[in-house]
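One structure is given below, encoded as structure tokens.
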Amino acid sequence: MKALHGWETTWVCGDNNDLLSYVPSLRVLREGGYEGTTGMYEYGHRAPYTEEVESVILGEVERLRQKSLEPSPGTAPPTGDGADR
């Protein structure tokens, strides 16, 4: 996300039913080990994430990002130059 949308202005985080967890990338998930397989047990998860977790989260973040760029009813659309923020 930061590579696509800027390192200085992008911060992706989330909260789901009071569960905290590191979400591994597909690469890390396939490598296994603590971050890919066993680390989520320490956060109270019952099983490792599936291979779809990264694409699901990235897809939803992008959908919400696009939605945030849509003008609210009765407002001018963003200019893209940052002056409207």
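The values are calculated or read from the model by the stated rules, or taken from the named source; none is laboratory data. As the structure is a prediction and not an experimental result, all values here were calculated from the model. Neighbour counts run over all protein chains shown; Cβ positions are idealised from the backbone, glycine included.
For segment 1-16, enumerate the residues that are aliphatic (A, V, I, L, M) and either loosely packed, with under 12 Cβ neighbours inside 10 Å or at pLDDT 80 or above (or both).
First pass over segment 1-16, keeping only residues aliphatic (A, V, I, L, M): 1, 3-4, 12.
Within segment 1-16, 3, 4 meet the criteria.
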Out of the residues in segment 17-33 that are in a loop (DSSP other than H, G, I, E, B) and under 11 Å from residue 43 (Cβ atoms), which is modelled with the highest pLDDT?
23
Residue pairs, Cβ under 7 Å, 6 or more apart or interchain, first in segment 22-42 and within 11 Å of residue 53 (Cβ to Cβ), second aromatic (Phe, Trp, Tyr). List them.
23/49; 24/49; 29/49; 40/49
